[in-house]
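Beneath this line is the structure, given in structure tokens, with notes to follow.
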Amino acid sequence: MIGFTERSERFASFLLSAILLFFPATLLISRDANNGFFYLAVFLGLAAIVLRLNPCKLTFGAFAKKTYGFIIAFAALTVAVLISQTVIQDVRLRYFELPMRLMAFPIVVYAFLLLPASQFKLVRFGLIAGALLNLVVFCAMTDFGAIRQNYTFRGFPVIPFADCALLVGMLSLTALFIPGQKRIVNVFLILAFFAGLYVSVAYQTRGGWVALLPYFLLMGYWTCRRYNKVNIKTLTGIVVMMILAGSAFLSVPIVKDRVDLARAEIALYSGGKGKDTSVGLRLQMYETAFLMAKEKPFFGVGVKKRLEDVPEINRMVEEKVITKGMLNMAHMHNDPLQYLFSTGVLGFLATLLLYLVPFFYFFKADKQSHGNNPFARLGIVTALSYFIFGMTDLMLYRDTTVNIYTMLLAIAVAFTIRQHYEEQHL
């Protein structure tokens, strides 16, 4: 007779397996699915705590001690927002929606610990399906990129959509390091990468393309480690191949046009002109964030405010420190600077922790596993990509992209802990 606890664990494992498969497949196709799978994972984590399922023989208290670095990093932004809004005397529940999603990170990790390490391989099929579905939907709705949406695509802002499509592609290619795969799976993982790359290039999101350089350097390094050929000769070969591949990429007409336009706009801005161009406005935003940090360094101006609603911004426009075009902007188009602007130094540091803690955790896990933990590499790519994407648009200021970051990293952390547990006890 199967007891209630065991039945609950089996049912939760079934639902978590479905999340591993369907969340990557639908994370950009449906906003409702994106949020739904996130909330389901949180619910299952809470159920595991309440029912004391103790995955990996860890109570939630013991698990919290084991992952305290992540708990601090993912709770820091909530604390920063609370302090800022309390000082400003404008505390509203809606201000905490996004930070609280990040704060749920350890609960999501705890849920995924219920799954055996072998089950996590389902993610690769979800990534393949996601990359190909993103491409199909994108091509159908934009006539293969000929029709460019001005702001949103299926409810997602266009730049984060294209960046996340590229991320899904990069994660698919990284999944080649998962051992024991059939060749046909590897072929589809490679196709999934090019599907994500196509969406990014067709949408002309040049800020996201920057992530490709460190990504391929990492892929080259990991490939050398896999075949025990990490030396000056092979590393030099990787750099040369990167230069050739980069030159070929930059020669693509659509890429070349966007890069040339960026160079022209930077040149205009340097000469005191073109401040209301795409690049010019971003550079003004970054400058404004630092200027505001001098005036309000500790608590910022408050969250959920458009630039036109901030008195200091209007004053800067009147003094001609910045142009009137800035009043049309909703935010700073840069995650760390947005939180510096809205919550002060505490928010800025909290944002950096969200990138740095996962990156170094997975870097250490990858090194200790001698390349036998492919999910550590998925975690590295996710954290690094979000940092780079967040330099030109907001990735941690929207529910869907926060869900993606939280879920992908939680899956990678859960696999790392689960794999170590099974090596020690099974």
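The values are calculated or read from the model by the stated rules, or taken from the named source; none is laboratory data. All of these numbers come straight from a predicted model, not from anything done at the bench. No Cβ is skipped: glycine too gets one built from the backbone with ideal geometry, and neighbour counts run over all protein chains shown. Side chains are part of the model used for accessible areas, which takes the heavy atoms of the whole protein and leaves out ligands, DNA and RNA. Shrake-Rupley method; radii C 1.70, N 1.55, O 1.52, S 1.80 Å.
Residues in region 84-95 that are open to solvent by 10 Å² or more (accessible area, probe 1.4 Å) and touching a helix residue (DSSP H, G or I) at 6+ places or on another chain (Cβ under 6 Å): VAL91, TYR95.
Taken over region 19-36, residues that are over 12 Å from PHE112 (Cβ atoms) and open to solvent by less than 50 Å² (accessible area, probe 1.4 Å) amount to 11. Looking only at region 320-336, residues that are assigned to a loop (DSSP other than H, G, I, E, B) and either among the polar types (S, T, N, Q) or open to solvent by 50 Å² or more (accessible area, probe 1.4 Å) (or both) come to 4 in all.
The residue that is most open to solvent (accessible area, probe 1.4 Å), among those in region 48-70 that are of a type in the set (A, V, I, L, M) and assigned to a helix (DSSP H, G or I), is VAL50. Would you confirm, using the coordinates I've provided, whether MET391 is open to solvent by less than 10 Å² (accessible area, probe 1.4 Å) and either touching a residue at least 24 places away in the same chain (Cβ under 8 Å) or outside any helix (DSSP H, G or I) (or both)? Considered against the rule, which asks whether it is open to solvent by less than 10 Å² (accessible area, probe 1.4 Å) and either touching a residue at least 24 places away in the same chain (Cβ under 8 Å) or outside any helix (DSSP H, G or I) (or both), MET391 comes out as no. The residues of region 241-283 that are touching a Leu at 6+ places or on another chain (Cβ under 6 Å) and aromatic (Phe, Trp, Tyr) amount to a single one, TYR269.
Is it the case that TYR339 is part of a helix (DSSP H, G or I), among the hydroxyl-bearing types (Ser, Thr, Tyr), closer than 26 Å to SER385 by Cβ and open to solvent by 10 Å² or more (accessible area, probe 1.4 Å)?
Working: part of a helix (DSSP H, G or I): yes; among the hydroxyl-bearing types (Ser, Thr, Tyr): yes; closer than 26 Å to SER385 by Cβ: yes; open to solvent by 10 Å² or more (accessible area, probe 1.4 Å): no.
Criteria not met by TYR339.
Taking the criterion of being open to solvent by 70 Å² or more (accessible area, probe 1.4 Å) and not hydrophobic (A, V, I, L, M, F, W, C), the residues of region 257-268 that qualify are ASP257, ARG263. Any chance region 350-358 includes a residue that's surrounded by 24 or more Cβ atoms within 10 Å (Cβ to Cβ), more than 28 Å from LEU21 (Cβ to Cβ) and small (Gly, Ala, Ser)? Scanning region 350-358, I find at least one residue that is surrounded by 24 or more Cβ atoms within 10 Å (Cβ to Cβ), more than 28 Å from LEU21 (Cβ to Cβ) and small (Gly, Ala, Ser), so the answer is yes.
For (1) hydroxyl-bearing (Ser, Thr, Tyr); (2) in contact with a Gly (Cβ under 8 Å, 6 or more places away or on another chain); (3) modelled with pLDDT of 90 or more; (4) within 22 Å of VAL158 (Cβ to Cβ), each residue gets a yes or a no:
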{"site": "HIS333", "(1), (2), (3), (4)": "no, no, no, yes"}
{"site": "HIS370", "(1), (2), (3), (4)": "no, no, no, no"}
{"site": "ILE380", "(1), (2), (3), (4)": "no, no, yes, no"}
{"site": "ILE388", "(1), (2), (3), (4)": "no, yes, yes, yes"}
{"site": "LEU394", "(1), (2), (3), (4)": "no, no, yes, yes"}
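ALA104 meets the stated requirement of being touching a Phe, Trp or Tyr at 6+ places or on another chain (Cβ under 9 Å) and either in contact (Cβ under 8 Å) with a residue 60 or more places away in the chain or over 25 Å from TYR355 (Cα atoms) (or both).
I want to confirm something. Restricting to region 71-83 and keeping residues that are of a type in the set (A, V, I, L, M, F, W, C) and open to solvent by 10 Å² or more (accessible area, probe 1.4 Å), which single residue is nearest to MET100 (Cα to Cα)? Write out each step before concluding.
Restricting attention to region 71-83, the residues satisfying the condition of being of a type in the set (A, V, I, L, M, F, W, C) are 71-77, 79-83.
Checking which are open to solvent by 10 Å² or more (accessible area, probe 1.4 Å) leaves us with 71-72, 75-76, 79, 82-83.
Numbers: ILE71: 12, ILE72: 13, ALA75: 8, ALA76: 10, VAL79: 10, LEU82: 11, ILE83: 14 Å.
Per the criteria, the residue is ALA75.
Within region 269-319, the set of residues being more than 27 Å from ARG398 (Cα to Cα), open to solvent by 80 Å² or more (accessible area, probe 1.4 Å) and part of a helix (DSSP H, G or I) comprises SER270, ARG315, GLU318.
Just so you know, in region 5-18 the residues that are under 25 Å from the mean Cα position of the chain (by Cα) and without any contact (Cβ under 8 Å) to a residue 60 or more places away in the chain include one that is surrounded by the most Cβ atoms within 10 Å (Cβ to Cβ), and it is LEU15.
Only one of these is open to solvent by 20 Å² or more (accessible area, probe 1.4 Å) and either in contact with a Leu (Cβ under 9 Å, 6 or more places away or on another chain) or not charged (D, E, K, R) (or both): LEU189, LEU176. Name it.
LEU176
Scanning region 181-216 for residues that are out of contact with any Ser or Thr (no Cβ under 9 Å at 6 or more places or on another chain), closer than 22 Å to ALA25 by Cα and outside any helix (DSSP H, G or I) turns up GLN181, LYS182.
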